[in-house]
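Read-outs throughout are calculated quantities, based only on the coordinates presented, and are distinct from any laboratory measurement. From a predicted model like this one, the values you see are computed outputs, not experimental measurements. Quick reminder, even Gly has a Cβ in these numbers, built from the backbone with ideal geometry, and neighbours come from all protein chains shown.
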């Protein structure tokens, strides 16, 4: 019988001092929606290519229009590039994203990318015929501890389903791309958090969604406190190999250089949970704003755009918000995940809410 | 009836002064093999997803062992990142490549990547189960002018076939990934060239293979000479949008930083054919050496490796060889390609060998 | 008796098809001014630290206001980083320049930088007291073949004098920072060129200034033609070690990412003169626009700015203009430089105008 | 009467579990020495250019040979490039450092760089005459809160003196470059720490030295615990503007790519003290190894070198060591610094050792 799960703030705990958005979610950024498709099938011994399956896909939809026709300004930062995310070179060159952003298990990347192409072709039948091709963006972590990775069980219909499912209510924990993920020795996966910044009477939102799959038990740090006594764990020092994908969204008017500065702050939130970003880690951050959409069919040779003053308080708040929301999203990914049994009967326990309360809630 | 095609040197022409390898091909680098699979099906009006098909896949096999278990030291350089190549972040982070390198049409990338996963899983059934996952590398250009891109007609069996076909004899022109490509208004595609450098009695090879799909007719420059009089062409200035993928291979002992310096010279060869690398160009270079293979299962904590002295004549020669071989490979991709008719009866002529002779061969 | 010198267009020759600005100079960009201070003292044997002196400083003044208070949007690209230019990290982070840009001989960099600090402190006495410090930008090439580099003979008063001297009329050849420079075995130094682009009735200027100090005699290529027969030169292959600094200015509204794309095209112009950018080369490009000045004392948290549509003809023209103007600026730096005798009676001849006419002017 | 100062471990506290070197200092890396020159002159109202002076210079000497002739393999990482460090482009291109590394106050950079040129010319009279020039490396933080920055009071003789003073015993706190620095509202400056790693019977050292000048009082976090209650501080959120320079040294055989991976971990240690790396921060990391010195006069075209296996435990330990030693070095920079009064009678208190004991030592 599994313990009821809670988000960090439902336990009366929080990261930092900044205010949160209404849902404390990346979907607090107006227009952003998140969808999951979760695949849990079979149990027992691994039969490569057949199962058991503990995987899925998560999509972040940056706005509700035609994303190919109205691209979003974006950037990325590779903290540690032992990762297979696709789409990054064009994000860096053009400073924009023109597709749904998908997250999944490592070996699923190609089929998920192909499904995203299908999805956008449907909406834009001129792609590759009368207009340019499309750069789809997919990130990944390795769910092979619990899942039959070789099977690449996420198929086109699952991706389309995830897109259809997308809403403002982000389920967290072992869902979607997070289904098979593990962090700090506990079940983890998807987590999200947001920060609200009010400057000169205007309200801005920055939201973070993580796919969390990193960290050794002995390093787990919650709100500055080590979660385990040294003697409670017996891992070898070299074991940390996991990864994390971080997606940062905001509605603040930013250019791609500013968005990269924001992306570079996410690792500061990651490390506050205890990781030193090991050699075998794929820590990749994608950041975007919904504020200055770039029209695919724009014909004029120049145009007006709005931009944040980097020397203003607002920009500094955005950097801080990224650190805080990343840390909190990771903690939510742990707190909301249920115990799961996967291939070869390997079992990853959920982190104990009781223990968190005991240690951290006074 | 199509004109007989010749490589540049078969016309008595050449780029630069450095010596070439035996085959004047990337496969002069010992162990490197190249394979193509070409798909030409249907004709007439485009039926999106159905055809006509003018596409394919080209694979560069860096050595004849198990590439996942014996990785090659590598780097990359993005000259202009309007491109969808996958695998680059890990190449940069780890300085290595662990898969066959494939080239194809843009929208084929995911399915070709998935096929490469299949291929390497077959050889390495422990991937994703007992050992890490695999970073596959695929580059692309847009073959949509002649081809039904939306159909993504390159499938797993074609990739496997291309790998099986791989040999030292590199077919050039409108084959494999080059099937539907166009450069400077002429049919182009795959081209290759190499340079041989002898230093202190030791012989080194640097070879280049290009997938060439860029340039406006009016800019074409062969060995320093404009190929057209101004009045012969009527393109608008803004038209250049094509791309090029360049793969540079060598057997010189280099580290990844040195290989990136080499990769950065390829655009100098590209521009000598007349391109200014337009905004819509995906000009991406991948470079590798077969000299210092990295063992996947290495257990020692340090090891000896050989490295080129960057201040030596050898390193400078490698830079120069890259420029020369890139320029010559592009010219070969044009000279060897036959006229092709594609979707909607669009026809791209082969460049005239007669005209080249007339202008350049005295 | 030295031969009269001419710019490329004075010989009836030109690079490319784009139109030029009024002066065919970086100073065609409204507000941009250039000043030199040239130091030629002593002759005969080198006495390290004493002379002979063949050096100087060149300043590019981006606009006629207070540059620290009205920063310019900027970027840079390091084609080959065997160079000592200072100020680059902050240009990349903030996408802006806040000082006069100076060029000089390599070892002079620190004293020239210190002089720029003096200059800007004078105008902005609050720097380092009530407001932030200043990031000064200085580039260099090595003038040690002719000059007593160790003496670091450029002093504060020379830099201030160069700034006072600045005007729209850019002297070219062996002046200012170019005094001791050598390219392709000939005397070289400062050169400039510009391109004018008219789009939708609006006129934009892109101008380039080079400090040219690279290339082997045997590689010199003028408008696509080799300048020497093979047998005329006897250099060893490994000799190329020189450098080039390129400054690209425009009045087009661009952000720093777009300016970096522009900076990346300058090497394409460099290579068309025959260089392969050797291992020992410091090829560094700085690009800026005068269009979207950033106010140091801006207090609002966001603001409107204008930006070029990258998919428009205008942006493509800017890329092409960079390639063309860089090539032409280098040729001007050669054509305008007079023969010079330097330390240890070493003499570098001016390139023969007669020979250029003979070869290239029909 | 100032409170006696202690290093973190003298209070019975420590960061992480890894062992430390003999001195817990960057100088535990064999051959590395550190020297300071401290300038404290005048008091009272600021007279720009005259004083009061609270500044200095710190030098890190990578080994005891001729550094220009025996270069060290190196890299750097710019976490936030609002900084003026010089020498970085060549470090990245060539993967090496060939000079003493100096740290100082921001505006002192040029004169300190010029002094380093003097120092190395003395030892290498062929520089700029018979051999190439030299790339000197200087980093900085802004000491203008306490110091007359405009005066640029660090002169050549001070730099030479610091080099002469260099030893294994690193004085910490308000000395050398750290003289005028402030972190988290407390006096700070120079701090150091090291980690010792034993693998297969071989011992490796990684040491860190920081010049610490960043952070707001309210954010200070010591070993995971906030140092202040919210109500104790009243700073505005936007105030954080400081910087930090981090130098990481090791004797492990690494190439420059591996050293950059190490450099990228230092910000993880920085953030654990409470910083989010604000927009106005110059956070720059330089990393080097003493293991694979590169001979300036090397004539062979290739050579053997040793390299760490990145998939080994050793490499992971180095990453972790960087995070731990950076955090501890920052804490030492605070704990060892004495209260200082500077320009305009501004006073920065030393952090209270008593309070640290009370909060952290049980």
Exercise: per-residue mean of other protein chain Cβ atoms within 10 Å, A:125-134 = 6
What's the center-to-center distance, using Cα atoms, between region A:283-324 and region C:280-330 in Å?
-> 19
Once label points are set 7 Å from the Cα along Cα→Cβ at both residue B:130 and residue A:6, what is their separation, rounded to one decimal in nm?
-> 4.4
Sites residue A:168 and residue D:203, calculated FRET efficiency, Cβ-Cβ separation with R0 56 Å, nearest 0.05 | 0.50
Over all viewing directions the Cα convex hull of region B:1-146 casts an average projected area in nm² of 12.4
Run through the other copies and list how far each one's label point is from that of residue B:345, in nm with one decimal, shortest first; the point sits 7 Å from Cα along Cα-Cβ.
-> 7.0, 7.9, 9.4
Axis proximity, chain B to C: residue whose C-beta lies nearest, plus whole-Å distance | B:224, 2
Exposure proxy ranking, count of Cβ atoms within 10 Å, fewest first, for A:300, B:219, A:143 = A:300, B:219, A:143
Reduced Cα scattering model of chain B, Debye log10 I(q)/I(0), q = 0.08, 0.15 Å⁻¹ | -0.36, -1.26
Reference-scaled alpha-carbon Rg (2.2 N^0.38 Å with N residues) for region D:42-128 | 1.30
Rounded to the nearest Å, the spacing of the alpha-carbon centers of region B:1-79 and region C:101-149 is 50
Label points for residue B:130 built 7 Å along Cα→Cβ; distances to same position in the other copies, nm, shortest first, come to 5.6, 6.0, 7.2
Of the convex hull drawn through the C-alpha atoms of region B:123-186, the volume per residue in Å³ is 131
Along the Cα-to-C-beta direction of residue B:341, a point sits 7 Å from the Cα; which residues of region B:2-28 have their amide N less than 18 Å from that point?
-> B:2-3
Kirkwood hydrodynamic radius (Cα pairs, Å) of the protein assembly as shown?
-> 32.1
Calculate the all-directions average of the projected area of region B:69-188's alpha-carbon convex hull, and give it in nm².
-> 8.4
Would you mind calculating the gained length between residue C:157 and residue C:19 on full extension (0.36 nm times residue separation, minus the Cα-Cα distance), in nm to one decimal?
-> 45.9 nm
Helix-only [θ]222 nm of chain B, DSSP H runs n ≥ 4, -39500 (n - 2.57) each, per residue, nearest 500 = -6500 deg cm²/dmol
Using every Cα-Cα pair within region D:196-346, state what percent have a distance larger than 26 Å.
-> 38
Find every distance from the label point of residue B:362 to the corresponding label point in the other copies (7 Å from Cα along Cα→Cβ) and write them in nm, one decimal, shortest first.
-> 1.3, 8.9, 9.0
Report the far tail of the P(r) of region C:124-237, meaning the percent of Cα-Cα pairs longer than 24 Å.
-> 49
Give me the distance in nm between label points sitting 7 Å out from Cα along the Cα-to-Cβ direction at residue A:297 and residue A:231, one decimal.
-> 7.1
Starting from the Cα of residue D:306, move 7 Å in the Cα-to-Cβ direction to define the label point; list residues of region D:258-293 whose amide nitrogen is under 15 Å from there.
-> D:289-293
Fraction in percent of alpha-carbon pairs per bin - 5 Å, region A:284-333 | 4, 13, 17, 20, 16, 12, 11, 5, 2, 0
Compactness of region B:28-85, expressed as Rg and Dmax over alpha-carbon positions, Å = 17.0, 47
